[in-house]
Amino acid sequence: MLIAVSVLTVAIYWYSNLRSLKKPAWLELGSFMVYEQAIAWADHQQVENMTWVVTKLEDDTANVHLISHGVDTSSGNVVITAGEANWTINAISREILNSSDHNYDGEKNPFWIEKNVGVGSSVDILYGMNTISSDESISVLGMQRDCWVVEYNWWSTSAMKRWYDKSSGIVLKIQVVLYRQDIRVEITETAIQTNIDFQP
């Protein structure tokens, strides 16, 4: 009996916390962000774009179409690859419910986080749980934006730093360093275009 009461209490607490969250106010059909992807290695640099756009919005779900570029070093050289994906996201929990690449199913959308966070808060953004390490102001989209900073390190092979806008929760800048087959690749992704009206 005691176990049943405990489980019920936890379930009620979890449900009430989940329902207290809301989908972002800026999230609308057609909301989009474009990031410049500056990819640099050795004495080379290539600039591409990464884009996400909301293609469908229904109740608590959002369909997001992604276009991005990655790096393939399996041949011993750096080859820039293009990719597309379609995600159906729970707009409140950010869980990827369904993806054209099913490896992402059940993971958390990395393009925005909840707003009720601060330094030390735990966040899950596709790459696993981590904590917000600091806050920092950056110049982006012709504005100065206050951001939360999340950093990831995977052994000695990869490092990532992400800046999330405090007002909206949207990621505005990403820096990635990859070490692949004795090749160091640096990727800087910076927001350059959007139709989202950022709060001052």
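No lab work stands behind these numbers, since they all come straight from the coordinates. Everything numeric in this text was worked out from a predicted model, so none of it was measured. A quick note on method: Cβ atoms are made from the backbone with ideal geometry, for glycine too, and the neighbour counts reach across all protein chains shown.
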Next item on the list: Please label the shape of the stretch 116-178 as rounded, prolate or oblate, based on the square roots a ≥ b ≥ c of the eigenvalues of the alpha-carbon gyration tensor (a/c under 1.5 means rounded; beyond that, a/b larger than b/c means prolate, else oblate).
Entry: oblate
Margin query: What distance in nm lies between label points placed 7 Å from Cα along the C-beta direction at residue 95 and residue 60?
Written below: 0.9
Next item on the list: Report the full-extension gain for the segment residue 184 to residue 73: residue separation times 0.36 nm, less the Cα-Cα distance, to one decimal in nm.
Entry: 38.9 nm
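Rounded if a/c is under 1.5, else prolate if a/b beats b/c, else oblate: with a ≥ b ≥ c from the C-alpha gyration tensor eigenvalues square-rooted, which is the chain?
Since a/c reaches 1.5 and a/b is larger than b/c, the shape of the chain is classed as prolate.
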Check: How big is the charge dipole of the stretch 23-194 about its Cα centre, in debye rounded to the nearest 20, if each Lys and Arg gets +1 on its Cβ and each Asp and Glu gets -1 on its Cβ?
Finding: 280
Next item on the list: Specify the inter-centroid distance of the stretch 119-140 and the stretch 76-100, based on alpha-carbon positions, in whole Å.
Entry: 20
Checklist line | Helix 2-20 vs. the chain, principal-axis angle (Cα, 0 to 90°, nearest 10) | finding: 60
Check: Which listed residue (104, 169, 62) has the Cα farthest towards the positive end of the charge dipole for the chain, taking +1 on Lys and Arg C-beta and -1 on Asp and Glu C-beta about the Cα centre?
Finding: 169
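Tell me, in nm to one decimal, what length is gained between residue 121 and residue 139 on full extension, where the rule is 0.36 nm per residue of separation less the Cα-Cα distance?
Values: separation 18, 0.36 × 18 = 6.48 nm, distance 2.37 nm.
This chain segment gains 4.1 nm when fully extended.
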